[in-house]
1. What is the magnitude of the charge dipole of the chain about its Cα centre, with +1 placed on the Cβ of each Lys and Arg, -1 on the Cβ of each Asp and Glu, and no other charges, expressed in debye to the nearest 20?
2. In terms of modelled amide H atoms, which long-range or inter-chain residues lie less than 5 Å from the amide H of Met157?
3. Quick test of the membrane-span-like rule: which DSSP H helices of the chain reach at least 30 Å along their long axis (C-alpha atoms) with mean Kyte hydropathy at least 0.0?
4. Treating the beta-carbon of each Lys and Arg as +1 and of each Asp and Glu as -1, no other charges, what is the dipole magnitude of segment 65-104 about its Cα centre, to the nearest 20 debye?
5. For segment 85-244, with the dipole built from +1 on Lys and Arg beta-carbon atoms and -1 on Asp and Glu ones, taken about the Cα centre, which of Leu201, Phe174, Gly146 lies farthest toward the positive end?
6. On a full-extension model of 0.36 nm per residue, what is the gain between Glu3 and Thr70, subtracting their alpha-carbon distance, rounded to one decimal in nm?
7. Find, to one decimal place in angstroms, the Kirkwood hydrodynamic radius of segment 60-191, where the mean of 1/r is taken over every pair of different Cα atoms and then inverted.
8. Rounded to a whole number, what is D in µm²/s for the chain from Stokes-Einstein with the Kirkwood radius over alpha-carbon pairs (25 °C, 0.890 mPa s)?
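Readers should treat all values here as calculations from the given coordinates under stated rules, not as data from a laboratory. The structure displayed is predicted, hence computed values, not measured ones. Counting neighbours? That spans all protein chains shown, and the Cβs are built from the backbone with ideal geometry, glycine included.
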Amino acid sequence: MLEVNDLHVRYGRVHAVRGVSLKVAAGEIVAVLGANGAGKSSLLKALMGLEPADSGSIKLDGGDITRWPTSRRVRERLVLVPEGRRIVTSLTVHENLLMGAFARKDTRTVDAEIDAIYARFPNLAARRQLPASVLSGGEQQMLAIGRGLLADPKLMMLDEPSLGLSPLLTRTVFALIAELNRQRGLAILLVEQNTHMALELANRAYVLELGSKVMEGAPSDLRDDPSLRDAYLGRAEKRKTVAG
Ligand SMILES: Nc1ncnc2c1ncn2[C@@H]1O[C@H](COP(=O)(O)OP(=O)(O)OP(=O)(O)O)[C@@H](O)[C@H]1O
Ligand SMILES: [Mg+2]
């Protein structure tokens, strides 16, 4: 479904993504792991067209979308739930959810899906008419995910959905992702620092370090590989050295 080849992303002199290639097949859950600054968010932004690809190619269902604007990718039902939530705090919880469905014409289905989201996240249901600014960090994350789902994604990309969530809520969110994948065959590209849970969910995983892909494979292979730990610790150690 998604095929990324030798992708590079640069911010001026910062070379954030360095020749990353990856694939997501229909119905697959693929995890992208890596420490802070590894280039995970930059990769997702480039896939969404929010940052230009410096070179390399992005294909969706065989067609080259590398130079497509974000709006066109959205119409092809590529959805990103960004890091840091990005909900509209001046709108109500319900309006935020409706925003996700703005391009859809199947109003009945949308209503049923909104009900399902409220059933899943009672915190949101109880606050549906309140401005989203009153939500806690975890509730905002739920809202951002709910809004992404209402766009009826073909491929859903999630940037650290567990960030700021309690362990219980993290499990709820991951269970939801698994269920959507199972029931609707929704393909998922999951960026996570919660390596353990991501590897439990994913069919395959990639590990980025300093913008480069350093590992890929089945979760069972990666879990036992000491270099996965190094991809995190190595970086942390380097930081410590720089700091002092
Ligand atoms: N808009 C930007 N301008 C300049 N440099 C940037 C920009 N966005 C990211 N970077 C740099 O690119 C590198 C990769 O950042 P990115 O946000 O992709 O990492 P990440 O893997 O998502 O990290 P985290 O886990 O902390 O979210 C970092 O060194 C970062 O400082
Ligand atoms: Mg990030």
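1. 520
2. Hits under the 5 Å cutoff: Val79, Leu80, Val81, Leu189.
3. Qualifying helices, which must be both long enough and hydrophobic enough, do not occur.
4. I would put it at about 240 debye.
5. Gly146
6. 22.4 nm
7. 15.1
8. 133
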